[in-house]
Protein chains: 2
Amino acid sequence: MQFELTKEFIEDIIDAVEKEDRSFLIGNMKSLHPADIAEVLDIVNLHEAQFIYKLLDEEVASDVLIEIDEDTREKFLESFSTEEIAESLENMPSDDAADVIQELSESQQEEVLEAIKDEDQTSEITTLLNYEEDSAGGVMDLDFVAATWSWTVKKTLQNLREQVDNVGQVYTIYVVDDNKKLMGTLSLKRFLYASDETLIKDIFQDEPISVNVDEPAEKVASIMEKYDLVAIPVIDKNKVLLGRITIDDAVDVIKEEAEKDYQMASGISEKVESSDSIFVISRARLPWLLIGLLGGILGAYVIGIYEIEIDKFPIMASFIPLILAMGGNVGVQSSAIIVQSLANNSLDFDSIAKKLFKELLIALFNGLICALITLIFCYLTENNLKLSYTIGLSILAVFTYAGLFGTFVPLILNKYKIDPALATGPFITTTNDVIGLLIYFTIGGALYF
Amino acid sequence: MQFELTKEFIEDIIDAVEKEDRSFLIGNMKSLHPADIAEVLDIVNLHEAQFIYKLLDEEVASDVLIEIDEDTREKFLESFSTEEIAESLENMPSDDAADVIQELSESQQEEVLEAIKDEDQTSEITTLLNYEEDSAGGVMDLDFVAATWSWTVKKTLQNLREQVDNVGQVYTIYVVDDNKKLMGTLSLKRFLYASDETLIKDIFQDEPISVNVDEPAEKVASIMEKYDLVAIPVIDKNKVLLGRITIDDAVDVIKEEAEKDYQMASGISEKVESSDSIFVISRARLPWLLIGLLGGILGAYVIGIYEIEIDKFPIMASFIPLILAMGGNVGVQSSAIIVQSLANNSLDFDSIAKKLFKELLIALFNGLICALITLIFCYLTENNLKLSYTIGLSILAVFTYAGLFGTFVPLILNKYKIDPALATGPFITTTNDVIGLLIYFTIGGALYF
């Protein structure tokens with residue numbers, strides 16, 4: 001059964017570090033999965049984490065180094081010598097080693113690469129470092145199992161025994177021609193059924209789903225998700241098999257994208273976690289606050305124009321929060337639906353005009369309900385028909401504007417290849433605040449003042 | 001290579017349906033993956049989709065039926081006879097069949113189950129229907145490959161040949177004792193190396209990571225993600241192996257959770273897609289709008305209390321949008337970070353008090369910057385020191401309140417097992433609007449009026 005981290009366990013561990021009770025710590029860590037050890041190291045402080053890390057077996061230590069938080073790893077690496085880093089990287093799959101080494105400065109990268117004793121590992125890491133971090137090449141690993149199509153089943157089986165030794169997990173056997181060009185895949189089922197002398201070219205499945213090495217990682221993840229794949233082969237422009245991407249890496253991409261969208265919608269401009277430092281979190285939050293500040297100042301300017309009217313009809317000021325809240329909510333709702341559909345590639349081929357028309361109907365439908373409620377409330381409490389019409393009509397107008405704007409902006413951003421998630425949250429809310437006020441006072445000027 | 005859906009392709013397909021050009025459609029669909037056919041059927045209209053569906057091979061049709069949108073499937077099933085539904089379900093993996101059958105009314109479910117001719121399939125579906133939809137049991141499939149630990153490698157290989165015939169994809173070979181209790185797993189690597197007469201009990205790995213059949217699906221997905229698993233065995237309370245959950249189903253759970261959180265934060269109360277009907281989308285968006293409306297009306301009431309002061313100092317009204325925008329943004333930011341940490345189980349064991357203190361420092365840091373900017377701006381444009389102090393101090397106070405409230409609410413909701421995603425978005429924004437106004441006018445009363 002998997003391990004459940006408790007506060008008591010952490011306290012025992014911290015206690016053991018304090019008492020330098022090595023045998024307790026070694027015993028406990030032996031019983032844990034590297035991912036669990038990483039979780040422990042992320043929670044305790046740096047000194048405690050390093051004390052425990054030094055007690056781990058070499059191979060386990062490398063696995064843990066891959067799994068811990070980037071922040072913790074950064075601090076760990078700072079305290080390691082070049083040789084220690086090189087040793088850890090030797091024990092890792094080359095794709096993880098390439099990810100870790102990228103966190104070092106360029107001069108340090110070179111030093112570490114030179115210090116790695118296993119030449120194959122150095123050359124694999126160097127190869128992987130050539131690809132963009134968020135492309136298929138940057139996510140793939142080189143640990144696949146391949147059979148040449150001219151081989152017999154018997155020869156393939158012998159060959160596989162050697163290959164699987166170097167591969168973490170075998171999902172699919174890829175079939176290549178004599179020039180390493182990807183031709184297809186071999187299913188375990190057909191392989192187990194075939195007789196020893198059968199040729200691979202007679203039992204493999206052609207037309208494999210594959211991705212080009214330059215494909216964005218996000219696209220790769222959505223292909224794997226769509227076709228329910230656990231691994232996908234990566235090829236170059238000549239169809240030569242270069243590596244494979246496994247589902248665990250794709251899951252990371254999917255989660256990261258979803259979290260980024262969520263944070264952007266919440267006005268947080270870089271990926272942060274609650275455990276990050278106060279300075280990092282503050283910095284991530286400040287940009288949108290400044291945009292909101294600008295919007296608020298613009299709003300003050302708009303209201304300033306109508307100072308005389310507010311002086312005459314101070315009740316107009318009372319409904320400012322209502323108008324702003326409605327515009328903000330409608331804008332965020334409409335843009336969120338579009339952003340999510342774009343992220344899922346689930347948008348149909350309807351034209352932008354058709355989408356705007358649909359949003360118009362939704363905005364009018366909800367707007368009419370909210371406008372009517374407000375109109376009746378306003379008339380009952382203020383007994384002022386002109387004011388009630390002004391508020392009701394403003395709400396309807398703000399709904400329409402905010403809904404259309406919230407739909408339009410992400411679609412346009414997407415058309416020009418800008419991440420539409422930028423559109424939701426504070427940007428839409430801020431713009432809607434200013435425009436909403438203009439609409440409100442314009443209608444007030446026409447009907448009421 | 002995978003298929004890229006284009007507008008031209010869809011137009012050709014629609015055209016072919018109109019001309020009843022069956023051979024063109026059959027030829028085109030033969031070259032597509034079921035997931036791609038489903039994508040086509042989701043885009044064309046219902047009549048066209050049904051025309052194409054009837055042309056598909058029985059097995060392909062079942063695969064497509066699993067992949068299409070729930071809405072489209074619902075309409076498809078309505079137009080099918082009980083026998084037609086039963087036939088489709090016979091060709092599906094039993095876990096997919098159980099998912100589809102759950103979309104029917106209870107009386108229809110019974111009719112369909114009776115109409116299925118394959119008794120094994122009926123009993124598997126009935127078994128699966130007993131589990132909660134969002135529990136491990138509701139997500140698992142029954143198509144695993146198992147070896148009894150007293151078998152030899154040779155016997156296992158023979159047995160596997162029979163078993164793999166019924167299983168979509170083999171990821172892991174599970175090892176059970178004579179009572180079907182899960183004992184461990186068998187790695188392909190060790191299996192390939194072992195001699196024919198080796199006993200499974202001598203080469204299997206014990207202590208497998210498994211989940212109980214009642215575990216929530218979300219928990220299962222996060223375990224699979226943490227340990228990078230492609231499949232996880234599901235056991236009952238006696239450790240008897242019941243089924244397995246594969247990574248593609250876990251990915252669906254992960255994506256759905258992330259989307260739900262994002263939609264909740266955007267004030268959309270039920271899962272909708274841009275292709276849903278105007279009525280469905282409007283209904284999902286209305287609840288939060290009504291809450292926003294209530295907040296706006298409360299806000300109007302608060303401002304109404306200070307009508308005389310606004311009459312005297314109309315400039316106070318101008319800065320209402322600024323105060324509201326700042327409170328809303330800070331509240332959403334702070335709650336988003338907490339909600340995301342909770343969703344990732346990446347919260348440390350710091351006490352609530354410690355977290356609030358950290359947020360306090362962040363709020364004060366950003367608040368001071370924004371307050372200073374506003375104070376200077378206000379003094380330069382209005383040349384009124386008292387007003388400038390009022391605005392600046394209000395911003396600082398609102399930052400502090402909104403940051404603490406945004407942190408506190410999701411933590412408390414989580415403590416009482418309520419989904420903290422509820423806390424972000426409109427609820428926090430609405431509450432902050434009302435409290436923000438009270439803070440603003442109270443400070444105004446103390447410093448300015």
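The values are calculated or read from the model by the stated rules, or taken from the named source; none is laboratory data. This is a predicted model, so every value here is computed, not measured. All Cβ positions, glycine included, derive from the backbone under ideal geometry; neighbour counts span all protein chains shown.
A few notes on this one:
- Looking across B:Asp196, B:Asp206, B:Asp276, one residue alone is without any contact (Cβ under 8 Å) to a residue 40 or more places away in the chain, farther than 16 Å from B:Asp134 by Cβ and not small (Gly, Ala, Ser). It is B:Asp206.
- Within the range A:274-301, tally of residues that are in a helix (DSSP H, G or I), more than 7 Å from chain B (Cβ to nearest Cβ) and not hydrophobic (A, V, I, L, M, F, W, C): 3
- Put simply, of B:Phe80, B:Phe51 the only residue that is free of Cβ contacts under 8 Å to residues at least 24 places away in the same chain and surrounded by 13 or more Cβ atoms within 10 Å (Cβ to Cβ) is B:Phe80.
- Within the range A:302-316, the residues that satisfy the criterion of being free of Cβ contacts under 8 Å to residues at least 12 places away in the same chain and facing chain B (nearest Cβ under 8 Å) are A:Gly304, A:Glu307, A:Ile310, A:Asp311, A:Pro314.
- Of all residues in the range B:259-273 being in contact (Cβ under 8 Å) with a residue 40 or more places away in the chain and within 17 Å of A:Ile254 (Cα to Cα), the one that is farthest from the other protein chains (Cβ to nearest Cβ): B:Lys260
- Given (1) out of contact with any Pro (no Cβ under 6 Å at 6 or more places or on another chain); (2) crowded, with 21+ Cβ neighbours inside 10 Å, index of the condition B:Gly267 fails: (1)
- Looking across B:Lys181, B:Lys226, one residue alone is among the basic types (Lys, Arg), surrounded by fewer than 17 Cβ atoms within 10 Å (Cβ to Cβ) and on the phi < 0 side of the Ramachandran plot. It is B:Lys181.
- Count of the range B:411-449 residues, restricted to those that are more than 37 Å from the chain's Cα centre (by Cα) and small (Gly, Ala, Ser), is 3.
- Some residue of the range A:167-190 being acidic (Asp, Glu), assigned by TED's automatic domain parsing to the domain that holds A:Asp248 and within 24 Å of B:Gln158 (Cβ to Cβ): no
- In the condition set (1) assigned to a helix (DSSP H, G or I); (2) within 14 Å of chain A (Cβ to nearest Cβ); (3) modelled with pLDDT of 90 or more, B:Met29 is compliant with all but (2).
- Count of residues meeting criterion [surrounded by fewer than 19 Cβ atoms within 10 Å (Cβ to Cβ) and at pLDDT below 85] in the range A:404-421: 3
- Tally, over the range B:256-272, of residues that are of a type outside the set (Ser, Thr, Tyr) and out of contact with any Lys or Arg (no Cβ under 9 Å at 6 or more places or on another chain): 4
- Residue in the range A:212-223 that is within 30 Å of B:Ile68 (Cα to Cα), away from chain B (no Cβ under 11 Å) and either more than 33 Å from the chain's Cα centre (by Cα) or assigned to a strand (DSSP E or B) (or both) present: yes
- Complete set of residues in the range A:346-375 that are of a type in the set (A, V, I, L, M) and at pLDDT below 90: A:Leu347, A:Ile352, A:Ala353
- Among (1) touching a residue at least 60 places away in the same chain (Cβ under 8 Å); (2) surrounded by fewer than 20 Cβ atoms within 10 Å (Cβ to Cβ); (3) closer than 20 Å to A:Leu298 by Cβ - the single one A:Leu447 does not satisfy: (3)
- Which numbered condition B:Asp350 misses (of (1) touching a Ser or Thr at 6+ places or on another chain (Cβ under 6 Å); (2) over 14 Å from A:Leu290 (Cβ atoms); (3) at the interface with chain A (Cβ under 9 Å from one of its Cβ atoms)): (1)
- Complete set of residues in the range A:318-330 that are over 15 Å from A:Leu438 (Cβ atoms) and in contact with a Phe, Trp or Tyr (Cβ under 7 Å, 6 or more places away or on another chain): A:Asn329, A:Val330
- Test: residue in the range B:84-101 that is over 29 Å from B:Val211 (Cα atoms) and surrounded by fewer than 17 Cβ atoms within 10 Å (Cβ to Cβ): yes
- Every listed requirement among (1) free of Cβ contacts under 8 Å to residues at least 40 places away in the same chain; (2) facing another protein chain (nearest Cβ under 9 Å) is met by A:Val230 save one, (1).
- The range B:261-286: number of residues that are farther than 29 Å from B:Asn45 by Cβ and touching an Asp or Glu at 6+ places or on another chain (Cβ under 9 Å): 3
- Taken residue by residue, the range A:426-438 has at least one member that is polar (S, T, N, Q), closer than 22 Å to A:Ser269 by Cα and facing chain B (nearest Cβ under 9 Å).
- One residue from A:Leu322, A:Leu361 being among the aliphatic types (A, V, I, L, M), crowded, with 24+ Cβ neighbours inside 10 Å, farther than 25 Å from A:Ser222 by Cβ and not assigned by TED's automatic domain parsing to the domain that holds A:Asp71: A:Leu322
- Scan of the range B:357-392 for residues that are of a type outside the set (A, V, I, L, M), within 30 Å of B:Leu411 (Cα to Cα) and touching a Phe, Trp or Tyr at 6+ places or on another chain (Cβ under 6 Å), ordered by number: B:Gly367
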